[in-house]
Amino acid sequence: MADPARARRLAVRVREVVAAALERGVKDPRLGMVTITDARVTPDLMEATVFYTVYGDDEARASSARALESAKGLLRSQVGKATGVKSTPTLTFVHDRLPDDAQHLNALLEVAKARDAQVASVREGASPAGDPDPYRHPRVIEDDDDLEDFEDVDDFDDIDDRGVVKGLDDAGAGDLADADDLADDDNGLGGEAGQERPVGGVGR
């Protein structure tokens, strides 16, 4: 029966044994730049995939791949002795591209960072082509003299609903009414309807 937990434990042990064997057991200069990064074992414990990276160019990677293929039998025997499993899994070596991709991504980030710094430096010395502040702003009254234009508005508060100035006594209001009546008489508006005005103080 497949046991995923046991397969994971065996994968960890395979990675440790192969890495130690490359450092001390295998005398091949082509493997000096090889680093074991991970290992995976199938649930039936029959196959193990070992991932590695190589510090160097494409030629160095190809040379290391051939060296690992040549040392596969020796490395498998080392795994069998160290793990004690009934059937030692076969070993398959796969170049791990994840670190290379991460390195490439870091290089791209550095390029982008340099471009951002260049744009920022150009922006510091740039000035707007038009008005730096094209938006309209409300007028701010800074001088108290400008408020004098609005002081007369308060005078309307001194007039009541009848149009009479507040604070004027009844006598004064009556005098104003009599004055209005006299003005109406002078204009021919006083007296009864149809009654003629006297001439020279004598009525007809």
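In segment 1-48, what count of residues is obtained for those that are of a type outside the set (Lys, Arg) and modelled with pLDDT under 90?
Of the residues in segment 1-48, 12 are of a type outside the set (Lys, Arg) and modelled with pLDDT under 90.
Identify, please: which residue in segment 23-49 is of a type in the set (Lys, Arg) and either under 48 Å from the mean Cα position of the chain (by Cα) or surrounded by 16 or more Cβ atoms within 10 Å (Cβ to Cβ) (or both) and is, among those, farthest from ASP3 (Cα to Cα)?
The selected residue is ARG30.
Scan segment 57-68 and tell me whether some residue there is assigned to a helix (DSSP H, G or I) and under 16 Å from ARG15 (Cα atoms).
Taking every residue of segment 57-68 in turn, at least one turns out to be assigned to a helix (DSSP H, G or I) and under 16 Å from ARG15 (Cα atoms).
Suppose the filter is closer than 18 Å to LYS72 by Cβ and either touching a helix residue (DSSP H, G or I) at 6+ places or on another chain (Cβ under 9 Å) or assigned to a strand (DSSP E or B) (or both); does ARG15 pass it?
When the stated conditions are applied, ARG15 does not pass them.
Is there a residue in segment 30-46 that is assigned to a helix (DSSP H, G or I), out of contact with any Cys (no Cβ under 6 Å at 6 or more places or on another chain) and assigned by TED's automatic domain parsing to the domain that holds SER87?
yes
What are the residues in segment 50-61 that are more than 43 Å from the chain's Cα centre (by Cα) and surrounded by 14 or more Cβ atoms within 10 Å (Cβ to Cβ), if any?
Scanning segment 50-61 gives a single hit, ALA60.
Does VAL34 count as touching a Phe, Trp or Tyr at 6+ places or on another chain (Cβ under 7 Å) and not hydroxyl-bearing (Ser, Thr, Tyr)?
The answer is yes for VAL34.
I'd like to know if segment 86-93 contains one or more residues that are crowded, with 16+ Cβ neighbours inside 10 Å and farther than 20 Å from ARG8 by Cα.
As a first pass, look at segment 86-93 and keep what is crowded, with 16+ Cβ neighbours inside 10 Å: 88-89, 91, 93.
Filter once more, so that each one left must be farther than 20 Å from ARG8 by Cα: none.
For segment 86-93, residues crowded, with 16+ Cβ neighbours inside 10 Å and farther than 20 Å from ARG8 by Cα: absent.
The values are calculated or read from the model by the stated rules, or taken from the named source; none is laboratory data. Being a predicted model, the structure only gives us computed values, none of them experimental. No Cβ is skipped: glycine too gets one built from the backbone with ideal geometry, and neighbour counts run over all protein chains shown.
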